[in-house]
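Working notes for the structure below.
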Amino acid sequence: MGLVIFCLIFQPTVFAASPKDAMLDSSFALKIEEAAKINSELQLTVLNTIEDSRCPSNVTCVWEGTVSVQVNLIKDNLNLGNHTIRLGENNNENQIFDGYFIKLITVE
């Protein structure tokens with residue numbers, strides 16, 4: 001399967017909106033509690049931030065830290081469950097879900 005890449009923006013939504021349309025191998029941005037429908041077959045919803053140990057932007061750190069977010073995946077109306085996706089670690093093998101590689105590329 002293709003690659004799903006998304007960017008997370010830390011800003012909760014006021015109400016649940018319809019999922020955004022997105023394409024495989026294209027980046028897209030989601031807020032917490034916001035969803036994207038990828039190629040009309042996979043829906044990814046950002047549920048919450050689990051961890052944020054990143055280095056503050058105005059500080060020089062030895063280690064840049066990590067961010068972990070929990071997402072829910074639905075494929076063809078079948079709930080694939082909640083999964084954790086990380087930024088800042090080399091966890092590519094742990095970010096493959098039902099044949100989709102999902103990558104968190106930035107968090108604002």
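Every number here is computed from the coordinates shown, using simple stated rules; none is lab data. Source: prediction; values computed, not measured. Positions of Cβ are backbone-derived with ideal geometry, glycine not excepted, and every protein chain shown enters the neighbour counts.
Under a Cβ-Cβ cut-off of 10 Å, what is the net charge of the residues other than Ala36 that fall near it, where Lys and Arg count +1 and Asp and Glu count -1?
That sum, taken over residues with Cβ under 10 Å, equals 0.
Check cross-link reach from Lys75 to the aspartates and glutamates: straight Cα distance under 13 Å, and skip same-chain residues fewer than eight apart.
Glu41, Asp98
What does the charge count near Asn48 come to, summing +1 for each Lys or Arg and -1 for each Asp or Glu among other residues with Cβ under 15 Å from its Cβ?
-2
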